[in-house]
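One structure is given below, encoded as structure tokens.
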Amino acid sequence: MKNLFLILLLTLLLIFPVLPGITAEQLTAKAILEKVDTLLNAPQDQKIHIKLVLIDKNGKEEENRELIMMQKGEKRMGKFLSPASQRGIGFLSLPNDLFYVYMPAFKKTQRIATRQKSGKFAGTDFSYQDLGTQQYSEEWSSQLVESDQENYVLQLTAVEGNNTGYSQLMLWVNKTNFFPVKVEFYNQNNRLCKILTSSNVQEISGYFIARELEMVDVIKNHSTKMFLEKVEFDTGLSDEFFTERYLSR
């Protein structure tokens, strides 16, 4: 009977060499971050219709806005559709740290300097930098500080040449799909300044995307909610959409 038990135990170990929840090769922080980058930048292009809700310190809605945003590779363009006071305001994020804003009231396109990219875009709680494309593994060194049943928690420290305006981030990454479900942003004084929470993560056309996001400015006690109402992937967007000329139309 004892020998039979040992045989069964060895057989189980051969079939299941690792206990549930433990991988044969633990992922490093860098590998996790690279998987995040791959997931976020997987579509060839995307076009998203967004509803923005600005919320004051008392939890009251200040204003609702509509925004159309398009992305192709490392290029991203967004334009406000409403209300009338914001209609036409847009941004264009391009490779090599280029960022432009168009203000229809002045009929002028302005390039945003690197030192200005931490400023708020059009009164929202998203900075110019936040609205650009993200390649975390290129601008941050990473350390795995926690791992529970659902998420990896990474501490990201800005590397030399990082122009985001943040000194470090804390990133919660879902273990199942490697989607970043929460980000804490720390300013140059290492003070927590903003928290981004992503929810209602869905798989659409083979890509994962959060249909609801909330950026909270913890210092000013103000927040902006983002609802992705219509999402389209791989529609063959023209490069024309990602030019200063189109931005100013």
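The numbers here are math on the coordinates, done by the rules we state, and not lab data. What you see is a predicted model, and the numbers here were worked out from it, not measured in a lab. Using ideal geometry, Cβ is built from the backbone for each residue, glycine included, and neighbour counts are taken over all protein chains shown.
Observations, loosely collected:
- Spacing of the modelled spin labels on E74 and K220, each 7 Å from Cα toward Cβ, amounts to 3.0 nm.
- FRET efficiency for the pair R211 and D234, taken as 1/(1 + (r/R0)^6) with r the Cβ-Cβ distance and R0 = 22 Å, rounds to 0.75.
- Dividing the summed -39500 (n - 2.57) terms of all DSSP H runs of n ≥ 4 by the residue count of the chain sets its mean residue ellipticity at 222 nm at -4000 deg cm²/dmol.
- The Cα atoms of the chain define a convex hull whose projected area, averaged across directions, is 17.2 nm².
- Cβ charges +1 (Lys, Arg) and -1 (Asp, Glu), total dipole of the chain, debye: 680
- Electrostatic bookkeeping for D148 treats Lys and Arg as +1 and Asp and Glu as -1; over the other residues with beta carbon under 14 Å from its beta carbon, the sum is 0.
- If the chain linking Q149 and N162 were pulled fully straight, counting 0.36 nm for each residue of separation and taking away their Cα-Cα distance, it would gain 1.5 nm.
- Taking the range 128-249 and dividing mean pair separation by its residue count, relative contact order in percent (alpha carbons under 8 Å, at least six apart): 12
- Listed by chain and number, the lysines whose alpha-carbon sits under 30 Å from that of K57, ignoring those within fewer than 8 places in the same chain, are K79, K117, K120, K182, K194, K220, K225, K230.
- Rounded to whole Hz, the Karplus (6.51, -1.76, 1.60) HN-Hα couplings of the range 217-232, x for glycine and proline: 8, 6, 7, 9, 6, 9, 9, 10, 9, 10, 10, 8, 7, 9, 10, 10
- Net charge in the neighbourhood of S198 (other residues with Cβ under 12 Å of its Cβ; Lys, Arg +1, Asp, Glu -1) is +1.
- Cα-based helix-to-principal-axis angle, 29-40 vs the chain, degrees rounded to 10: 50
- Taking other C-beta atoms within 10 angstrom as a stand-in for reagent exposure, D239, D234, D125 fall in the order D239, D234, D125, fewest first.
- Think of the chain as a dipole: +1 on every Lys or Arg Cβ, -1 on every Asp or Glu Cβ, centred on the Cα centre; then among W172, A113, S147, A113 lies furthest on the positive end.
- Applying a DSSP loop filter and a limit of 13 other Cβ atoms within 10 Å to the trypsin sites (Lys or Arg not before Pro) in the range 104-199 leaves K107, R191.
- Helix 2-15 and the longest principal axis of the C-alpha atoms of the chain enclose an angle of approximately 20°.
- Note on L98 and K57: their simple-model spin labels are 4.1 nm apart, each label 7 Å out from Cα toward Cβ.
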